[in-house]
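Notes follow once the structure below has been shown.
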Amino acid sequence: MKFKKMAFLAILSIFIFTGCDNKDGIDSDSIAAKAQKPSFFNLTTTSSQELEIKVENNKWLFKGLENKVVMLNFFATWCPPCKAEIPHLINLKNKYPNFEIVAVLVEQDKSNDEINAFMKEHNINYIVTNSNMNFILADAVGGVQTIPTMFLFDSEGNPYQKYVGMVPEEALAADIQAATKPQAK
């Protein structure tokens, strides 16, 4: 019986600390190389709002989120590490007013009602997108093969950091602080 518990805990920790494989098998290139040509993405949030993202000269411009540090969080509702990181993302969103999270669902055939119920269950206080454009965006950032995968952009829209799997909240907080550029007065 003790062996079964130990084996279960070992397997569970592997899932939590490594991430889940994305079943789509998107090809992987670097975010900088992909972002060299101008691109435009129009993501739809679960509240049917449009989020426009323009990529030009390796700058990622998030309409309505100008001068904010932005994290793209690629996730799925079935992924245990994705669920485990939600409380940390909520804490970071609450702690840093100049920080925004855009969760990008990479899961097929989920209705907004299902995602809104998931958001309510987990008290998610950040933007969640649910559209076919999510998969195109996943390819544009260089491919997302493991979830959660997150990309942090500084307050000027420059790619700052990529994370694969769960990341300690303290490490994310340090990067958010470093990615916040002082505003010219």
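Observations
- Histogram of C-alpha separations across region 69-185, 10 Å bin width, %: 13, 48, 32, 6, 0
- In nm, spacing of pseudo-spin labels at Gln108 and Glu170 (7 Å Cα→C-beta vector): 4.2
Coordinate-derived values only; no laboratory data. Note that the coordinates shown come from a computational prediction; the quantities given were computed from them, not determined experimentally. Glycine also receives a Cβ, built like all others from the backbone with ideal geometry; neighbour counts cover every protein chain displayed.
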